[in-house]
Amino acid sequence: MLVGGLRVTLNYTMAYPRTGAKMVKTVWIGDVQSGSYDNQVVELKGWVKRTRGSNKIRFIVLRDSTGTIQCVAKRDVLGDASFDAVKAALIESSIIITGTVNVDERSEGGHELVVSSVEIIGPVNPERPFPITESAMAAADGGETEFLLDNRHLYLRTSRMTTMLKVRSSVFGAIHGYFRDLDFVEYQAPNFVAGAVEGGSTLFEVPYFGRTAYLTQSWQLYAEAAMPALERLYTIAPSFRAEKSRTRRHLTEFWHAEMEVAWASNDEIMSHGEGVVRNIASTLLDERTPELESLGRDLDLVARYADSPYPRMRYDEAVETLQGMGVDVEWGQDLDYSKEKVLTQDFDVPHFLTHYPKIAKPFYHRVDTEDEKYVLCHDLLAPEGYGEIIGGGERTWSEEEILKRLDEEGTPHEPYQFYIDTRSYGGVPHGGFGLGVDRVCSWLTGADHIREVIPFPRDSRRVTP
Ligand code: 4AD
Ligand code: MG
């Protein structure tokens, strides 16, 4: 903004219109708890997590995005008006508290704030107190899970969800870091598309000005169009699947990290899959150890996933293993969750399954010239019963082969003409994979259900809030 010819940068130190509070925040509770402000006077901004006490003294547990601290407020210090305001402040009121940081072994986190003044910023109406309480959860008609999903917008600020969101952020950062360090270019594909990538049964139809469009299931086909331009490319973007069945690992909208590389074989692509997953595990150990501990995750397991190589096994061997375990599985089927769960229960690290039967996979998978019953593909299966987190492989790259594969599947050429064209002008061997980011978050945090790791989970029954 220009004031009297000078460029002035607006910042949040402008007076807050209603209360006059300064809106820049300089002190974080996490730093107070780690000892950076011992015996100093600080101004803390946050939300009331819990409050208790008497008419003379109140204990307020204040939270912000970095932690919690107990604050002790006394009537004889604050005066009646301020003390009564504190006493009336309900859970999730936003509040600014000034006070002295005391080292106190008995307090959670080892510190306590002795309050000298308080300002309530966003009070909570006593007629509509914060709805997420133990008793409300126990009494909810549809059960606790549905109650928390209905109140997801408020549930996000609870410590478990906050922790999940922080872990999730580090997972995204680790994926970007892995690819950018290797000079991959981040590239965006459209979300409205004209055809399926992963089979018609999970396509979302969208009315599109008198025509039908679909929400994309994968960035892949459009990435292949840019492969001759960029050679090494990746994205993290939402993908959409009309999954009717509700399982602990399916969402209708999920976050998909995908990559595509020119001149690459199935083996090379697998080594990137292993590389990115190990980088995610080691990044979490670097950045999110307290969070993983608070979720009850065994850090030795995460360290093993970061440090160990991931073995490779052919599909046929997996089917034989399953059959040996008494699982009803026929050669030629794609392995669904019920089978992967059994197979991966005893894995100590993720395993790649390679060489699936051609009949189990879409047209874009490249046929193995050594045995045309198979395709040169891989799934990466996470241990502990989590199952598939990556699907990828080599692409059918010559024009002749892609036309043959489309015809074998009975797939019309028209929506894929752009894709066929990429082969007509200098096709080269290439491949890539897609990694389900939410699935990886779910596995590495040890979550029971994929919806625990995404802010607003979408499934066949829920698009609200
Ligand atoms: O195995 P998928 O279907 O493979 C593809 O979409 C390829 N076109 C990717 C590529 O080669 N570029 O999906 C890839 C991954 C799965 O391994 C899984 O982790 C995740 O995406 N995924 C889902 N995650 C959550 N909810 C769903 N409904 C998912 N469907 C797939
Ligand atoms: Mg798959």
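The values are calculated or read from the model by the stated rules, or taken from the named source; none is laboratory data. Keep in mind that what you see is a predicted model, and the values were worked out from it rather than measured. All Cβ positions, glycine included, derive from the backbone under ideal geometry; neighbour counts span all protein chains shown. Areas reflect the complete protein model, heavy atoms only, side chains present, ligands, DNA and RNA absent. Shrake-Rupley method; radii C 1.70, N 1.55, O 1.52, S 1.80 Å.
Listed values, structure above:
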quantity: The chain: relative contact order in percent, alpha carbon pairs under 8 Å with at least 6 residues between; calculated: 12
quantity: Long-range amide H partners of GLY53 with built H, under 5 Å; calculated: PHE59
quantity: Most positive-pole-ward Cα, PRO429, THR145, PHE83, against dipole of the chain from beta carbon charges; calculated: PHE83
quantity: Acute angle (nearest 10 degrees) that the helix 315-324 long axis makes with the longest principal axis of the chain, alpha-carbon atoms; calculated: 80
quantity: Helix-derived mean residue ellipticity, 222 nm - over the chain, DSSP H n ≥ 4, -39500 (n - 2.57), to 500; calculated: -9500 deg cm²/dmol
quantity: Reachable lysines from LYS74, criterion Cα separation under 30 angstrom, eight or more residues apart if same chain; calculated: LYS22, LYS25, LYS45, LYS49, LYS56, LYS87
quantity: Distance from segment 285-329 to segment 423-454 (C-alpha centre basis), Å; calculated: 16
quantity: Mean Cα-pair separation over length for segment 127-249, i.e. relative contact order, pairs under 8 Å, 6 or more apart, %; calculated: 20
quantity: Folded to 0 to 90 degrees: helix 266-287 orientation relative to the chain principal axis, Cα; calculated: 10
quantity: Helix 159-181 vs. the chain, principal-axis angle (Cα, 0 to 90°, nearest 10); calculated: 50
quantity: Förster radius 41 Å - calculated FRET efficiency between HIS153 and TRP331, Cβ distance, rounded to 0.05; calculated: 0.30
quantity: Net charge dipole size for the chain [Lys, Arg +1 and Asp, Glu -1 on Cβ; Debye, nearest 20]; calculated: 2560
quantity: Length released on extending from ALA194 to ALA139, taking residue separation times 0.36 nm less the Cα-Cα span; calculated: 15.2 nm
quantity: Bins of 10 Å, starting at 0 and running to the largest distance - Cα pair percent for segment 322-417; calculated: 15, 41, 29, 13, 2
quantity: Table column - 3J(HN,Hα) (Hz), segment 348-357, Karplus curve with 6.51, -1.76, 1.60, x for Gly and Pro; calculated: 8, 9, x, 10, 8, 10, 10, 6, 6, x
quantity: Positive minus negative residues near VAL463 (Lys, Arg vs Asp, Glu; Cβ under 15 Å); calculated: +3
quantity: Surface accessible to a 1.4 Å probe, per residue, for the residues of the chain, Å²; calculated: 48
quantity: Partner lysines for LYS404 [C-alpha distance under 26 Å; skip if fewer than 8 residues away on the same chain]; calculated: LYS358, LYS361, LYS373
quantity: Aspartates and glutamates with Cα under 16 Å of LYS339, excluding same-chain neighbours fewer than 8 positions away; calculated: ASP316, GLU317, GLU320, ASP328, GLU330, ASP379, GLU384, GLU388
quantity: Top positive-direction residue, dipole computed over the chain with Cβ charges, set GLN188, LEU230, ILE120; calculated: ILE120
quantity: Amide H contacts of CYS71 (H built 1.01 Å from N, under 5 Å, at least 5 apart or other chain); calculated: ILE60, VAL61, LEU62, LEU113
quantity: Residue-level accessible surface for ARG249, protein heavy atoms, 1.4 Å, Å²; calculated: 20
quantity: Hydrodynamic radius (Kirkwood) for the chain, which is based on Cα pairs only, to one decimal in Å; calculated: 25.5
quantity: Local electrostatic count at PHE347 - Lys and Arg +1, Asp and Glu -1, tallied over other residues with Cβ under 12 Å; calculated: -2
quantity: Charge tally in the Cβ shell below 12 Å around LEU78, where Lys, Arg are +1 and Asp, Glu are -1, LEU78 excluded; calculated: +1
quantity: Fraction of accessible area attributable to carbon and sulfur, the chain (%, probe 1.4 Å); calculated: 51
